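All remarks here apply to the structure that follows.
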Amino acid sequence: MTIMKKIAFFLSLILLSFQINAQTKIKKSDIIGKWVLAVEEFKNIVTYDLDKDSIIMGDSGKANLSKANISIDSATKSMRPAFEIMRQMFYQFNEDGTGEIYYGQGPASDYKISYIVDEESSTITTTDRHKKNEAQKIYKLKDKLLLITIQTPQNGGMEIWSTLKKVQ
C-alpha cells in the first residue's frame with residue numbers, strides 16, 4: 001500500500017467509534033464553541049502538529065519506512081498534502097445540545113450531531129442525528145484542550161490521539 005493510501009486509510013479511521021477514559025470533570029459550559037485539531041497522533045506511527053506544521057515519525061512508522069526503503073524526508077513530503085485536510089476539521093458544540101463534527105470532506109450539514117454532557121462521568125456522548133448511529137462516548141478535558149482517543153478494530157487495534165483547541 002502506498003504512503004498516500006495509508007494516510008487516506010488512517011484519516012478514514014477517524015470516522016470510527018470513539019472511546020476514552022475521562023479523568024477531568026467536564027461541564028457543558030467548558031465545551032460550548034468551536035474546536036479545531038492541534039495535534040493528531042497515529043500512535044507509534046506518525047504525529048502531525050498542525051500549529052507547528054510538523055510531521056514526526058514514530059518508531060513503528062520509521063521501521064515500516066525502513067523496510068520499504070523509503071526515506072523519512074520523502075515520506076513526510078508525500079504525507080503533507082493528505083494531512084492538510086485536518087486543517088478543515090472541527091468540532092462545534094452549541095448551547096442547545098446540537099453541534100457538528102466535520103471531518104473535512106463533504107458538506108458540514110452531513111455531520112450534524114446532538115450531544116449530552118455527563119458531568120458525573122466526565123464524558124460527552126455524541127449522536128449523529130441524520131444516520132442514527134449509536135452513541136459515541138468521547139473526550140476528556142485537560143488544560144483547556146479537548147482530548148480524544150480513537151481505538152480502531154483493525155488488526156487488534158490502533159490508537160489515534162487527537163488534541164483539539166478551542167477557537168471561539
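The values are calculated or read from the model by the stated rules, or taken from the named source; none is laboratory data. Not measured: the values here are computed from a predicted model. Glycine gets a Cβ as well: all are built from the backbone with ideal geometry, and neighbour counts include every protein chain shown. The accessibility values were calculated without ligands, DNA or RNA, using every heavy atom of the protein model including side chains. Shrake-Rupley method; radii C 1.70, N 1.55, O 1.52, S 1.80 Å.
Computed quantities for the displayed model
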read-out	value
Count of segment 28-56 residues which are aliphatic (A, V, I, L, M), open to solvent by 20 Å² or more (accessible area, probe 1.4 Å), free of Cβ contacts under 8 Å to residues at least 60 places away in the same chain and under 15 Å from residue 82 (Cβ atoms)	1
Cβ pairs under 9 Å, 6+ apart, first in segment 93-113 and in contact (Cβ under 8 Å) with a residue 60 or more places away in the chain and more than 19 Å from residue 167 (Cα to Cα), second open to solvent by 60 Å² or more (accessible area, probe 1.4 Å) and of a type in the set (Asp, Glu)	none
Strands (runs of 3 or more DSSP E) wholly inside segment 46-129 containing at least 1 residues that are of a type outside the set (Gly, Ala, Ser) and modelled with pLDDT of 90 or more	46-49, 54-57, 90-93, 98-102
Per-region count, segment 80-105, residues acidic (Asp, Glu) and in contact with a Phe, Trp or Tyr (Cβ under 6 Å, 6 or more places away or on another chain)	1
From 99, 61, residue being surrounded by 19 or more Cβ atoms within 10 Å (Cβ to Cβ), in contact with a strand residue (DSSP E or B) (Cβ under 7 Å, 6 or more places away or on another chain) and more than 21 Å from residue 159 (Cβ to Cβ)	99
Residue identified as open to solvent by 60 Å² or more (accessible area, probe 1.4 Å) and either at pLDDT below 50 or over 22 Å from residue 92 (Cα atoms) (or both) among 6, 25	6
Meets criteria (within 18 Å of the chain's Cα centre (by Cα) and among the small types (Gly, Ala, Ser)) for residue 61	no
